[in-house]
Every structure is written in C-alpha cells, then in structure tokens.
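Okay, so here's the structure we're looking at.
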Amino acid sequence: MLDTDLEGLGPKEAAEYVLAFITTLKQTEKALETAQEDTNLWTRRVSLAQAKGDAGLAAQATARLSDATAKQSKLEAELADLKAKISVLKEKLTRIRTTGVKLVDADLLLAQLQMVTGKKDELAHTMKQEEAGAALDELKKKMQGPQ
C-alpha cells in the first residue's frame, strides 16, 4: 500500500490518516528548525576556532558542522516529501468527503478470493452432479422395487 492510498477508508478514518501525516509534518518542521540552529551554531564555532588559529579545534568543529548540515539536508528532503504527500492526501480526502467511498470493492474482493481459493474446477463439479444423478436413478429403481 502506498502512503497516499486511502482506498477502502471511510471519511473519518481517512481524515485521521491525513491528520497523522500533518502531525508528522509539523514535527519535521520543528526538527528542521533545530537542525538549522545547530548548523548556524557550528558555522560560528568553526569561524571562531579559525579566528583563534586553533586548527585542531577548527577541524573538530568542521566535522560537527558537516554532521549538522547532513542532518539539515535530510530533514529538508523529508519535509518536501511530506508536503507533496499531504497535498495528494488532502485532495483524496476532499474527494472521499464529497463523493463518499465504497466500503467494499466487490471486484477487488472477488479477485482476492479467487487468488486465495483458485479457479472453480468445472469438471469436478459436473462429475459430482452426474454421480448424484446416477445415485438418484439407482435409488428410484430400488424404491419401485420388483414389479
């Protein structure tokens, strides 16, 4: 199932699902703000260490700056992905609210059932009917008895 698939969900469940994505978006935005502050902090520290002429300290601060920048980039990518997904989810949620949703997709259910059970064996079914017919004929002969 894709993240943006609301198939089979009712309006209430779909709204809760979209709300969970929006909550994650807000949390990611807060984390990104923190990461940006961290990047700014380590940028200032690198500058300070270089201004003092401490190469060892500058190297360590540069390493931390690199980590902070990588984290910030990762969060920016996640944020962009979440915004795109939320846009699609909101559109689908609006459609569900206005048109309603089928609670059961009969065609999908039939296809899934056939995948699980396999195709109906027509020959076996026909043979069972013939056997039942033959048994019925034999029983009728016995019931009529000798005449």
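The values are calculated or read from the model by the stated rules, or taken from the named source; none is laboratory data. What you see is a predicted model, and the numbers here were worked out from it, not measured in a lab. Note that we place each Cβ from the backbone using ideal geometry, even for glycine, and neighbour counts take in every protein chain shown.
Quick notes on this structure:
- Among the residues of the stretch 85-101, those that are loosely packed, with under 11 Cβ neighbours inside 10 Å and modelled with pLDDT under 80 comprise Thr99, Gly100.
- Residues of the stretch 129-147 classified as of a type in the set (Lys, Arg) and modelled with pLDDT of 90 or more, total: 1
- You will find that of Ala63, Ala134, Ala124, the residue that is assigned by TED's automatic domain parsing to the domain that holds Thr43, without any contact (Cβ under 8 Å) to a residue 60 or more places away in the chain and among the hydrophobic types (A, V, I, L, M, F, W, C) is Ala63 and no other.
- Within the set Ala15, Ala49, Ala61, Ala80, the sole residue that is at pLDDT 90 or above and closer than 30 Å to Ile96 by Cβ turns out to be Ala80.
- Residue that is touching a Phe, Trp or Tyr at 6+ places or on another chain (Cβ under 8 Å), crowded, with 16+ Cβ neighbours inside 10 Å and in the same structural domain as Leu93 (by TED's automatic domain parsing), where the choices are Ala68, Ala31, Ala58, Ala14: Ala68
- Remark: pairs (first residue in the stretch 5-34, at positive phi; second residue buried (at least 16 other Cβ atoms within 10 Å of the Cβ) and not basic (Lys, Arg); Cβ separation under 9 Å; 6+ apart in sequence or on different chains) = Gly8/Val101.
This table checks each residue for (1) under 30 Å from Asp3 (Cβ atoms); (2) more than 39 Å from the chain's Cα centre (by Cα).
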residue	(1), (2)
Thr23	yes, no
Gln27	yes, no
Lys30	yes, no
Ala35	yes, no
Trp42	no, no
Arg45	no, yes
Gln50	no, yes
Asp54	no, yes
Ala58	no, yes
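- For Glu37: the one exception among (1) loosely packed, with under 13 Cβ neighbours inside 10 Å; (2) closer than 16 Å to Ile96 by Cβ: (2)
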